[in-house]
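As structure tokens, the structure follows; a few thoughts come after it.
The values are calculated or read from the model by the stated rules, or taken from the named source; none is laboratory data. The model shown is predicted, which means the values in this text are computed figures rather than measured ones. Here the Cβ is made from the backbone with ideal geometry for all residues, glycine too, and neighbour counts use every protein chain on show.
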Amino acid sequence: MYKVLVIEDDAMIGDMVSMYLGEEGFQVIRHENGRDGLQAAGHFNPDIILLDLMLPDMDGLELCEQVRETSKVPIMIVSMKNKVIERVNALAVGADDYMCKPFSMHEMSARVHALIRRSKLYQTNHSQVKRPSVVAVSNTAVLLAEQAYESIVSLDQETRSMWVRGELIDTTYSEFEIMKCFVKNPGRVFSREDLLQTVRGFDSFVTDRAIDVHIANLRKKIEENPKEPKRIRTVWGVGYKFVL
């Protein structure tokens, strides 16, 4: 039985979500403030967190950021705020999905199932992954930089794993898809629209600004100095390119 933590101070919405997911076989607990929700995230060990942004005692984005410091649990924001910047800010601090109130319970349930399924697949693949011992190009792996070991960036498509300088680095689904485009086409300039098409269907945050956030996150993961990127470079007025 999968466990769902709902952090929502609106009693009507909280009860509806808890009842609906409970009837679908989930074990659900709900808290009405951030402090109690944060504690529950530690001891309840949920498979997913549904988080309201406007809580009585703390900002939901702050709570999301704190959870993400110690856990990879999927986090879905549920909020009245519907501006693009709110979605982008949620993505930047580690949220995986965003639903605006009011919403369909059926769609909410479908997204919960999808996020848990993706998370479990990711965990399974990473528990099986081993450090690559060779540099090769095949249907299941794209490995680059055969020379200096410290410059190796490798992607294993079968396990959806990224290695940077020999270290296994966690990526989101969209980050991996973007990096796969770069790795397969070094030197090619991708517009934001190109990259949007790459992640569309997997990412709820499909905006130009979201692509910039994904790029910023990837730079933090692969660049020695993200403020002066040497691998993922900006092509002003066009988009981005990956340089070996």
- Query: From the list Phe190, Phe176, which one is modelled with pLDDT of 60 or more, within 19 Å of the chain's Cα centre (by Cα) and of a type in the set (Phe, Trp, Tyr)?
  - Reply: Phe176
- Query: When residues of the stretch 34-71 are filtered for being farther than 19 Å from Cys100 by Cα and assigned to a loop (DSSP other than H, G, I, E, B), how many remain?
  - Reply: 7
- Starting from the stretch 103-121, keep only residues that are of a type in the set (A, V, I, L, M), then list their pairs with residues that are assigned to a helix (DSSP H, G or I) and surrounded by 13 or more Cβ atoms within 10 Å (Cβ to Cβ) whose Cβ atoms are within a distance under 6 Å, requiring at least 6 positions of separation or different chains. Met105/Tyr20
- Item | Residue tally, condition surrounded by 15 or more Cβ atoms within 10 Å (Cβ to Cβ) and either modelled with pLDDT under 90 or polar (S, T, N, Q) (or both), over the stretch 42-67 | 1
- With (1) more than 12 Å from Val6 (Cβ to Cβ); (2) part of a helix (DSSP H, G or I) as the list, and Asn82 as the residue in question, which single condition is left unmet? (2)
- Note on the structure: Counting only residues in the stretch 7-29 that are farther than 13 Å from Val73 by Cβ and within 23 Å of the chain's Cα centre (by Cα), the one surrounded by the most Cβ atoms within 10 Å (Cβ to Cβ) is identified as Glu8
- Task: Taking the options Ile169, Ile222, Ile152, name whichever one is at pLDDT 90 or above and on the phi < 0 side of the Ramachandran plot.
- Result: Ile222
